[in-house]
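Please treat every number below as a calculation from the coordinates, not as lab data. Keep in mind that what you see is a predicted model, and the values were worked out from it rather than measured. Heads up, the Cβs are rebuilt from the backbone with ideal geometry, glycines too, and the neighbour counts pull from every protein chain shown.
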Amino acid sequence: MYNILIFGDSIAAGRRVEKIKSWPSLLTQQLDKKDKDFTLVHNLSIPGESTNEVIKRLPIEAEVRCKKNYPDDHSSIIFAVGINDAKCLESRNNSITSAESFRNNISLLIENARKYTDHIIFIGLTPVDERKTAPLDNVYFLNKKIGMYEKIIGEECKKRTISFLNIAEEWSRLNYLKMLSEDGIHPNEKGHQKIFEKIKPLFI
């Protein structure tokens with residue numbers, strides 16, 4: 001059995017789109033074309049989660065799903081989390097997770113994930129439409145912060161030779177506003193398709 005575990009937030013959970021058109025669902029459909037019986041995608045994404053919550057539940061979620069019952073059993077772990085760490089409460093400088101703590105959290109996620117698999121992937125963070133998110137009900141999603149936290153993910157992955165898919169930097173060179181939903185935070189169907197196209201080559 002090949003188990004693929006996705007740990008993410010509301011974006012990976014497919015908020016604001018038909019779930020069948022979210023990137024985890026598109027990945028599942030792609031893999032089903034190759035193997036419906038022995039490949040399982042477990043989308044374990046929870047809206048609102050930061051790295052702090054994922055760290056706590058990773059061992060519980062992974063232990064049961066990455067268990068090797070047969071010699072050929074193997075797993076992959078995909079992390080698509082961080083935008084909620086970068087968001088700020090009440091002011092533009094009050095991040096939910098400090099940059100230093102976030103770096104430590106990414107390092108810890110990699111360390112813990114390696115107990116279950118060597119195939120680990122980090123999905124970068126998506127930029128936002130600050131006209132709608134700065135602020136949004138006393139919460140600030142800021143592209144400068146998102147870019148800084150994505151850079152931290154990239155740096156920690158590079159240190160440990162972990163696959164990292166840069167999203168924010170790439171989208172910044174595009175008209176990414178067309179890939180966001182009405183709330184200015186969550187990708188729309190075009191955005192999810194773009195993320196899927198980025199991750200697809202790693203599973204072909």
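Going by C-beta contacts inside 10 Å, put Leu180, Leu26 in order with the fewest on the left. The partial results should precede the final answer.
Details: Leu180 22, Leu26 19.
Ordered from fewest to most neighbouring Cβ atoms within 10 Å, Leu180, Leu26 come out as Leu26, Leu180.
Multiplying the sequence separation of Met1 and Glu53 by 0.36 nm and subtracting their Cα-Cα distance, what value in nm do you get? Each step should come with its number before you reach the end.
Values: separation 52, 0.36 × 52 = 18.72 nm, distance 2.72 nm.
Between Met1 and Glu53, full extension yields 16.0 nm more.
Go ahead and set up a Gaussian network model of the chain, Cα springs under 10 Å, then flag whichever of Gly191, Gly82, Gly48 fluctuates most.
Gly48
Calculate, for Leu174 and Asp72, the FRET efficiency according to 1/(1 + (r/R0)^6) with r their C-beta to C-beta distance and R0 35 Å; round to the nearest 0.05. Working shown, then result.
Working: r = 40 Å, r/R0 = 1.15.
Plugging the Cβ-Cβ distance into 1/(1 + (r/R0)^6) gives 0.30.
Please determine, in degrees from 0 to 90 and to the nearest 10, the orientation of helix 189-199 with respect to the longest principal axis defined by the Cα atoms of the chain, where the helix direction is its Cα long axis.
That works out to roughly 50 degrees.
For the chain, set up a GNM with springs between Cα atoms under 10 Å and report which of Ile185, Ile77, Ile96 has the largest fluctuation.
Residue with maximal mean-square fluctuation among Ile185, Ile77, Ile96: Ile96.
Relative contact order of the stretch 2-203: what whole-number percent is it, with Cα pairs under 8 angstrom and at least 6 residues apart? Write out the running numbers ahead of the final one.
Numbers: 348 pairs, mean separation 47.8, N = 202.
Relative contact order of the stretch 2-203: 24 percent.
Taking a quarter of the surface of the Cα convex hull of the chain, what do you get in nm²?
On the way: hull surface 43.4 nm².
Dividing the Cα hull surface by four gives the mean projection, 10.8 nm².
For labels at Lys200 and Asp137 in the simple 7 Å Cα→Cβ model, what's the distance in nm?
3.5 nm
Give me the distance in nm between label points sitting 7 Å out from Cα along the Cα-to-Cβ direction at Glu111 and Lys151, one decimal.
So the label points at Glu111 and Lys151 sit 2.5 nm apart.
Among Lys190, Lys68, Lys159, which one moves the most in a GNM of the chain with springs linking Cα atoms closer than 10 Å?
For the chain, modelled as a Gaussian network with Cα springs under 10 Å, the answer is Lys159.
Give me the number: length gained by fully extending Gln29 to Ile46, i.e. 0.36 nm times residue separation minus the C-alpha to C-alpha distance, one decimal in nm. Don't jump to the answer; show the numbers that get you there.
Working: separation 17, 0.36 × 17 = 6.12 nm, distance 2.07 nm.
Length gained between Gln29 and Ile46: 4.0 nm.
With charges set only on the Cβ (+1 for Lys and Arg, -1 for Asp and Glu), what does the dipole of the chain come to about its Cα centre, in debye to the nearest 20?
Values: 31 positive and 28 negative charges, 63 e Å.
It comes to approximately 300 debye.
Fewest Cβ neighbours within 10 Å first, please rank Thr97, Thr51 accordingly. Walk me through the numbers before you get to the answer.
Values: Thr97 19, Thr51 27.
So the residues, fewest neighbours to most, are Thr97, Thr51.
Take the Cα pairs of the stretch 1-102, get the Kirkwood Rh, then feed it into Stokes-Einstein at 10 °C and 1.306 mPa s and tell me D in µm²/s. Could you put the intermediate results ahead of the total?
On the way: Rh = 15.0 Å.
Answer, rounded: 106 µm²/s.
For the pairs Lys158/Lys198; Lys178/Lys198; Lys34/Lys159; Lys19/Lys190, note any where the Cα-Cα span goes beyond 22 Å. All intermediate terms of the calculation are to be shown ahead of the outcome.
Details: Lys158/Lys198 18 Å; Lys178/Lys198 17 Å; Lys34/Lys159 33 Å; Lys19/Lys190 13 Å.
Cα-Cα > 22 Å for Lys34/Lys159; rest within.
Dipole of the stretch 86-204 (Lys/Arg Cβ +1, Asp/Glu Cβ -1, origin at the Cα centre): which of Leu165, Pro135, Phe102 lies farthest to the positive side?
Ranked along the dipole, the leading option is Leu165.
Calculate the FRET efficiency for Ser91 and Glu182 from the Cβ-Cβ distance with a Förster distance of 22 Å, rounded to the nearest 0.05.
Efficiency, rounded to the nearest 0.05: 0.30.
Using +1 at the Cβ of each Lys and Arg and -1 at the Cβ of each Asp and Glu in the chain, identify which of Pro24, Pro201, Phe7 lies farthest towards the dipole's positive end.
Pro201
Placing +1 on the Cβ of each Lys and Arg and -1 on the Cβ of each Asp and Glu in the chain, which of Ile60, Ile77, Pro47 has its Cα farthest towards the positive end of the resulting dipole?
Ile77
Ranking Val54, Val41, Val139 by Cβ neighbours within 10 Å, fewest first, what do you get? All intermediate terms of the calculation are to be shown ahead of the outcome.
Details: Val54 24, Val41 20, Val139 16.
By the 10 Å Cβ count, ascending, the order reads Val139, Val41, Val54.
Could you name the aspartates and glutamates whose alpha carbon sits less than 19 Å from that of Lys33, not counting residues in the same chain fewer than 8 places away?
Glu197
Could you calculate the FRET efficiency of Ser163 with Glu130 from 1/(1 + (r/R0)^6), where r is the beta carbon distance between them and R0 is 41 Å, rounded to 0.05? If you can, show how the numbers build up before the last one.
Working: r = 29 Å, r/R0 = 0.71.
The calculated FRET efficiency here is 0.90.
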